[in-house]
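The values are calculated or read from the model by the stated rules, or taken from the named source; none is laboratory data. Given the structure is predicted, the values throughout are model-derived calculations rather than measurements. Positions of Cβ are generated from backbone atoms using ideal geometry, with glycine treated the same way; all protein chains shown enter the neighbour counts.
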Amino acid sequence: MKVTIFGTGYVGLVTGACLAEMGNHVVCVDIDAGKVERLKRGEIPIYEPGLEPIVKRNHADGQLDFTTEAAPAVAHGEAIFIAVGTPPDEDGSADLQYVLGVAKTIGRHLDRYAVVVNKSTVPVGTADRVRAAIAAELAERGANVEFDVVSNPEFLKEGDAVEDCLRPDRIIIGSSSARAVAVLRKLYAPFNRNHERTVVMDERSAELTKYAANAMLATKISFMNEIANIAERVGADVELVRQGIGADPRIGYHFIYPGAGYGGSCFPKDVQALERTARGTGYQARLLGAVEAVNHDQKTKLFELIMRHFDGDLRGKTIALWGLAFKPNTDDMREASSRHLMEALWAAGARVQAFDPEAREETRRIYGERADLVLCEHAYEALQDADALAIVTEWKAFRSPDFARIRATLKVQAIFDGRNLYDPVAVEEAGLAYYGIGRGRSL
Ligand code: UGA
């Protein structure tokens, strides 16, 4: 099938590459000419395991093209995806200007039936607004062209995006048009083998499904962080509690890891946006507000533990950080807990020596050169003359470090384990003080 995708961010690029991989002819459109040129040369703007080879191969085979030209791209697509960003407005609601801008562009150029697919995470009711924007442009041109708008939210996780896209656990098709549903069923048929993964519903339910999924996951995390905060106060270990509750299949082991708070481009933004949507209807979503508030406080947790250890005075101290990205297997720093920690440390007069396998460049881009930030090439280099070590991202490489070597390198011998990676007893046996999240010993 001929497919057009507007937006070559995480969602657009991964979707385009995976659809090309399944034999479709995909044209990806982006307004950023530099990015389009780099993509044509096979340079991938993001770190995403497995993405580069499929982009390169499909581009070389002519299955995947990149362009800034909207008109021929609209003419190309039988299915036209909108996968541009929906950054939060100042008040937390999703800013739809890019999505609606693409809708207008489609309306300006569409000259035969196409299915317009909303892939971006968009507030409930956006499919109607996209439909209206396209229809208005068509009317202005006096063009009588049929089209459908479908909500088809994406559930890919950064770091696993290609895998999630090639092997989705569900395919949500939000549309009341049988014609559009048939087009998408055909497009997704190769992703839908072995058992039925497609759930067809109306547009609004599909839009809400996306928010509900992210809000549910964020709720699990904030819930566990709350239990961790209780655990540390009552002298319990949240890691044992986690295992104890996870064994119940109704609760499950996934996504109940307490830590330094959730980050990324999705959870913080989507929880806020859903709360705004609810408020817009006159309903106050108290649970969502609490999920957000707990996460906000959790992001200062590591800093508080460090402050307490150093008796409230961090001036002249050097803190080593392992992990900068908002989670492992990405270089994404959006809403990363490391940013809250570093900024608080700097404000308190401390220096930071940080190592992350992938996010060093991105950190440099965000903060520039500064005297109180050293980005190290190796994990142990970050420990040189440092007063303490804080683990912020749970990269595999940090899972079983050489505690004796850490002890030999750190000036002050304390580890602040923001992801509960270590056994406190093993750390303490190596002669290091251990601070974790909710491990009954942090007060
Ligand atoms: C999230 C969802 O998991 C995807 O299903 C969804 O498609 C995506 O948002 C989106 O809306 O596009 P992502 O933002 O890539 O994906 O990140 P996650 O793997 O979900 O992690 C989010 C944050 O939660 C990270 O900061 C992670 O460290 C934290 N987390 C995760 C915890 O603190 N505890 C956990 O148990 C799990």
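Is one or more of the residues making up segment 60-81 assigned to a loop (DSSP other than H, G, I, E, B), crowded, with 22+ Cβ neighbours inside 10 Å and either in contact with a helix residue (DSSP H, G or I) (Cβ under 9 Å, 6 or more places away or on another chain) or at pLDDT 95 or above (or both)? Yes: segment 60-81 contains one or more residues that are assigned to a loop (DSSP other than H, G, I, E, B), crowded, with 22+ Cβ neighbours inside 10 Å and either in contact with a helix residue (DSSP H, G or I) (Cβ under 9 Å, 6 or more places away or on another chain) or at pLDDT 95 or above (or both).
Filtered by the rule that a residue be touching a Lys or Arg at 6+ places or on another chain (Cβ under 9 Å) and either charged (D, E, K, R) or in a helix (DSSP H, G or I) (or both), segment 120-145 gives Ala127, Asp128, Ala133, Ile134, Ala136, Glu137, Leu138, Glu140, Arg141. Yes or no: segment 210-233 includes at least one residue that is at pLDDT 95 or above, more than 16 Å from the ligand (Cβ to nearest atom) and outside any helix (DSSP H, G or I). No, segment 210-233 contains no residue that is at pLDDT 95 or above, more than 16 Å from the ligand (Cβ to nearest atom) and outside any helix (DSSP H, G or I). I'm trying to understand the selection: among the residues of segment 158-204, which are surrounded by fewer than 19 Cβ atoms within 10 Å (Cβ to Cβ), assigned to a loop (DSSP other than H, G, I, E, B) and touching a strand residue (DSSP E or B) at 6+ places or on another chain (Cβ under 7 Å)? Correct list: Arg170, Ser177, Asn192, Arg197, Asp202.
Among the residues making up segment 388-410, a single one is touching a residue at least 60 places away in the same chain (Cβ under 8 Å) and more than 22 Å from Ala325 (Cα to Cα): Leu410.
Can you tell which of Val412, Val425 is over 22 Å from Ser337 (Cα atoms) and assigned to a helix (DSSP H, G or I)? Spell out how you get there, then give the answer.
On the way: Val412 fails: assigned to a helix (DSSP H, G or I).
Answer to the check: Val425.
In segment 262-283, the residues that are closer than 16 Å to Arg334 by Cα reach residues that are of a type in the set (D, E, K, R) and part of a helix (DSSP H, G or I) with C-beta atoms within less than 6 angstrom, at least six apart or across chains, in these pairs: Val271/Glu292. In segment 326-350, the residues that are of a type in the set (D, E, K, R) reach residues that are away from the ligand (no atom under 16 Å from the Cβ) with C-beta atoms within less than 8 angstrom, at least six apart or across chains, in these pairs: Asp331/Glu361; Arg339/Ile366. Restricting segment 214-271 to residues that are over 28 Å from Ile46 (Cβ atoms) and either among the acidic types (Asp, Glu) or in contact with a strand residue (DSSP E or B) (Cβ under 6 Å, 6 or more places away or on another chain) (or both) leaves a set whose member that is surrounded by the most Cβ atoms within 10 Å (Cβ to Cβ) is Glu232. When you look at Thr330, is it under 30 Å from Cys376 (Cα atoms), in the same structural domain as Tyr380 (by TED's automatic domain parsing), buried (at least 22 other Cβ atoms within 10 Å of the Cβ) and modelled with pLDDT under 95, yes or no? Criteria met by Thr330.
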